[in-house]
Amino acid sequence: MRPSDHLFDLIRSLNPSEKRHFSLYAHRHIVGEENNYLKLFDAIDKQQEYDEVALKKKFSHEKFVQQIHVAKNYLYSLILKSLNEYHSADSSNIQLRELLNSAEILFGKGLYKQSSKILSKIKEKAYRYEKQISILEVIVLENKIAFALQDMEVAKKVISQGAKEEEQLLEAYHNSRQYKYLSDKLKIFIKTKGVVKGEDDTRELESILMHPLLNSEQKAISYSTKYSFFYLYSKGF
């Protein structure tokens, strides 16, 4: 695939609702450029195959065509931002990232109480969805706030509690990744082999199903790991 195809592929991947949202988003975020980016978007969307020569001919009287690669890069970024906004209500990861960005901005402005309030909200949501990495990022910012407040007794308690929490989170994350690794290995085996056909297949399957983590459900310490445990158990035993 040529690099210049990436924007074309991204636009072609959008569904009608995403395209409508982008149009509204672009009108809100583009000022004073007569929406040349929307014109470029519509032109590429109508192409069946990417044709940059045709684009340059179509927009030969527009200034942006003189640096069309810059325009395309900007349009690509704009579409991604629009998609982030569009899907934020459906994605816990996007929601958490936006909240963390807000908390970091407030911290940068010295609004520590407001930042802490958002961090508490992130933690509650992240624990609910088992997003250990998001919680670890919260702990880092909590520590920064504790030191910024210049109360070393409070800071001591915050970093001590944070260290214990980090240890538990890292253990849970490692546990989750181990089960995910076994689950993915089994999925690949099923898709590529289907059934055991020889000693090599037997050894490969046993290396997955005889793993110590599958000895007991108790070793799966979260909802997601228990899901992986029972998936492995249902497929292999």
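The values are calculated or read from the model by the stated rules, or taken from the named source; none is laboratory data. Everything quoted here is computed from the prediction, not taken from an experiment. Positions of Cβ are generated from backbone atoms using ideal geometry, with glycine treated the same way; all protein chains shown enter the neighbour counts. For the accessible areas, the whole protein counts, side chains as well, though only heavy atoms, and no ligand, DNA or RNA atoms are used. Shrake-Rupley method; radii C 1.70, N 1.55, O 1.52, S 1.80 Å.
Laid out as a table, the results:
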item: Candidates LYS164, LYS197, LYS156: whichever shows maximal mean-square fluctuation once the chain is modelled as a Gaussian network with Cα springs under 10 Å; result: LYS197
item: More than 24 Å apart - percent of Cα-Cα pairs taken over the chain; result: 66
item: Hz values of 3J(HN,Hα) by residue in the stretch 174-180 - Karplus curve (6.51, -1.76, 1.60), Gly and Pro given as x; result: 4, 4, 4, 5, 5, 5, 5
item: Rounded to 10°, Cα long-axis angle of helix 112-128 versus longest principal axis of the chain; result: 60
item: Stretchable slack from ILE30 to ILE159, in nm (0.36 nm times residue separation minus alpha-carbon distance); result: 42.1 nm
item: Dipole of the stretch 106-191, positive end: most advanced residue of ALA126, GLY108, PHE147 [Cβ charges, Cα centre]; result: ALA126
item: Extension reserve of the GLU104-SER17 stretch, reckoned as 0.36 nm per residue once the Cα distance is removed; result: 28.2 nm
item: Hull-based mean projected area of the stretch 94-206, where the convex hull spans the alpha carbons, in square nanometres; result: 9.1
item: Fluctuation leader among LEU136, LEU55, LEU169 - the chain, Gaussian network, Cα springs under 10 angstrom; result: LEU55
item: Integer Hz, Karplus 6.51/-1.76/1.60 couplings in order for the stretch 52-63, x for Gly and Pro; result: 6, 4, 5, 5, 5, 5, 5, 10, 4, 9, 9, 5
item: Cβ-Cβ FRET estimate between ILE221 and LYS46, R0 fixed at 30 Å, reported to 0.05; result: 0.05
item: Distance violations [Cα-Cα > 25 Å] among LYS131/LYS164; LYS164/LYS185; LYS125/LYS187; LYS121/LYS219; result: LYS164/LYS185; LYS125/LYS187; LYS121/LYS219
item: Area accessible to solvent at MET152, 1.4 Å probe radius, in Å²; result: 100
item: Accessible area (Å², 1.4 Å probe, nearest 10) - PHE107; result: 50
item: Given charges at beta-carbon only (K, R positive; D, E negative), |dipole| of the chain in Debye; result: 340
item: Set of lysines near LYS39 by C-alpha distance (under 30 Å), chain-local residues within fewer than 8 positions excluded; result: LYS19, LYS56, LYS57, LYS58, LYS63, LYS72, LYS81
item: Charge-dipole axis of the chain as Lys and Arg at +1 and Asp and Glu at -1 on Cβ define it, positive-most pick from PHE229, SER88, GLN161; result: SER88
